[in-house]
1. Do we find that residue 109 is touching an Asp or Glu at 6+ places or on another chain (Cβ under 7 Å) and either in contact (Cβ under 8 Å) with a residue 12 or more places away in the chain or of a type outside the set (Lys, Arg) (or both) in this structure?
2. Go through the range 1-27 and report how many residues are of a type in the set (Ser, Thr, Tyr) and under 11 Å from residue 146 (Cβ atoms).
3. Would you check if there is a residue in the range 1-18 being free of Cβ contacts under 8 Å to residues at least 40 places away in the same chain and within 15 Å of the chain's Cα centre (by Cα)?
4. Under 9 Å between Cβ atoms, at least 6 apart or on separate chains: pull out the pairs that start in the range 84-103 with a residue that is modelled with pLDDT of 95 or more and end on any residue that is open to solvent by 100 Å² or more (accessible area, probe 1.4 Å) and not aromatic (Phe, Trp, Tyr).
5. Contact list please: Cβ distance under 8 Å, first residue in the range 49-66 and at pLDDT below 95, second residue assigned to a strand (DSSP E or B) and surrounded by fewer than 16 Cβ atoms within 10 Å (Cβ to Cβ), pairs at least six apart or on different chains.
Amino acid sequence: MTRIGVISDTHASTHERVFEFLKDCDQIWHAGDIGNLTTLQKIAQFKPTVAVFGNCDDAEVMRHTKKHEFFKCENKSVFMTHIGGYPGRYPEHIQQILREKKPDIFITGHSHILKVIYDKKYQLLFLNPGSAGQFGFHKSITCLRFSIDKDDISNMEILDIERSNLQL
């Protein structure tokens, strides 16, 4: 069994409560807008990390990450990119990737809006963890954690902290 933490849109700052929530995870998957190389390194030192760059990431972050990541975890195939839309509203190039690669899990960021949806059309679990960063237009800091055991995805949990309740 592998415990996964999914974050996005850290924008160079991640609240310590996010790290506390993810402390028992085996891996962190970051869906872009990391913010800077220091933030990526901090997350990668915390847990093994798979990350993609986002539209706000600089050239230094882009040198250490890719636009798209395709990988396996247990028996599940994963596709992660920063800007991917959401079920019923995927851009055409994303639809083409979903048809060709047929991932079991599709992860995006960008919107700062947490969504967990089973997409019946593409038969995949769609995840957008929202924003784990302290800065931006979002009202809550959010992220996800769950388990994958061979073919089973379970124990999906959400961290949702109202930013107005935090000392930043």
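1. yes
2. Residues in the range 1-27 being of a type in the set (Ser, Thr, Tyr) and under 11 Å from residue 146 (Cβ atoms): 1 in total.
3. The answer is no; no qualifying residue exists.
4. 87/120; 87/121; 88/121; 98/121; 102/123
5. none
The values are calculated or read from the model by the stated rules, or taken from the named source; none is laboratory data. Note that the structure is predicted; figures quoted are calculated from it, not measured. Every residue, glycine as well, gets a Cβ built from its backbone with ideal geometry; the counts of neighbours run over all protein chains shown. Heads up: the accessible areas ignore ligands, DNA and RNA and are worked out on the full protein's heavy atoms, side chains in. Shrake-Rupley method; radii C 1.70, N 1.55, O 1.52, S 1.80 Å.
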